[in-house]
Amino acid sequence: MNCYNCQKDILEGSRYCYHCGAAQKPLTPPPAAPAKPLRRSRRHKVIGGVCGGFAEYFNLDVALVRVIWLLIALFGGGGIIAYIICWLVIPLEEEHAHAAVPAPQS
Ligand SMILES: [Zn+2]
């Protein structure tokens, strides 16, 4: 990064410039996306909806999460236990989470 005062190169994340001593503006973090609660998915559910829930939480492809989880289960051995723990611990998403807007009553 460059000092905003003297424009000399200083270490990334420095709070003060080594050259002119000017206080550097704090790095503004990118606006965080609204936190989604981790929920088991009703939409992408095969067994417990755990993989679907993780996929929705991390904005990943459900199939990708399943493949990764399966590989961990096959080679690491902990995947099945982890799935059961997640199944027990992560609440199922609300029933109306993906519900369509109800048709207006006539
Ligand atoms: Zn400076």
Note, the stretch 48-63: 3J(HN,Hα) by Karplus (6.51, -1.76, 1.60, θ = phi - 60°), whole Hz, Gly/Pro = x, goes x, x, 5, 4, x, x, 5, 4, 5, 5, 9, 6, 10, 6, 4, 4
HN-Hα couplings for the stretch 71-84 via Karplus (6.51, -1.76, 1.60; θ = phi - 60°), in whole Hz with x for Gly/Pro, come out as 4, 4, 5, 6, 9, x, x, x, x, 5, 5, 4, 4, 5
Taking placed amide H atoms and a strict 5 Å upper bound, the residues 5 or more places from Leu92 or on another chain that come that close are Arg40
Listed by chain and number, the lysines with an alpha carbon less than 27 angstrom from that of Lys45, same-chain partners under 8 positions apart left out, are Lys36
Amide H contacts under 5 Å for Gln24, restricted to residues at least 5 apart in sequence or on another chain and with H modeled in the peptide plane, are Tyr16, Cys17
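Bear in mind that the values in this text are calculations on the coordinates, not laboratory data. Worth saying up front: this structure is predicted, and the values here are computed from it rather than measured.
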